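Bear in mind these aren't lab numbers, they're just calculated from the coordinates by the rules spelled out. Since we're looking at a predicted model, the values are computed, not measured. Heads up, the Cβs are rebuilt from the backbone with ideal geometry, glycines too, and the neighbour counts pull from every protein chain shown.
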Amino acid sequence: MPDQEVRCSCCRRLLFKIEDGALCGALSIKCPRCRALNTLRPFRAPSTERVQRQSDEGTSHEHR
Ligand SMILES: [Zn+2]
């Protein structure tokens, strides 16, 4: 399985690498550089979140 790089959402610093699917619950980590608290969720997110994103992109695309 390929490792997934987890980066700070604020400064893009590489926080750690994790094997795809290894994360099974929410995880919080504080960035050592900018001290932003990054909250991670399993990469295999619930389907509802994906559907929302897709429909969001779809509407914006249709609008243009
Ligand atoms: Zn940061």
Subject >> Backbone HN-Hα couplings from phi across the stretch 27-35 [Karplus 6.51/-1.76/1.60, Hz, Gly and Pro as x] >> reply: 9, 10, 9, 9, 5, x, 8, 10, 6
**OP:** Starting from the amide H of Leu40, placed 1.01 Å from N in the peptide plane, find each other amide H under 5 Å away whose residue is 5 or more places distant or on another chain.
**Re:** Leu27, Ser28, Ile29
Original post:
Stretch Leu23-Ala36 to full length: gain in nm at 0.36 nm per residue minus the Cα-Cα span?
Top reply: 2.7 nm
**OP:** Starting from the amide H of Arg7, placed 1.01 Å from N in the peptide plane, find each other amide H under 5 Å away whose residue is 5 or more places distant or on another chain.
**Re:** Leu15
Original post:
So what's the net charge close to Lys17: Lys and Arg +1, Asp and Glu -1, counting the other residues with Cβ under 12 Å from its Cβ?
Top reply: -3
Original post:
Leu23's amide H: which non-local residues (gap 5+, or another chain) put their own amide H closer than 5 Å, with H modeled 1.01 Å from N in plane and none for Pro or chain starts?
Top reply: Phe43
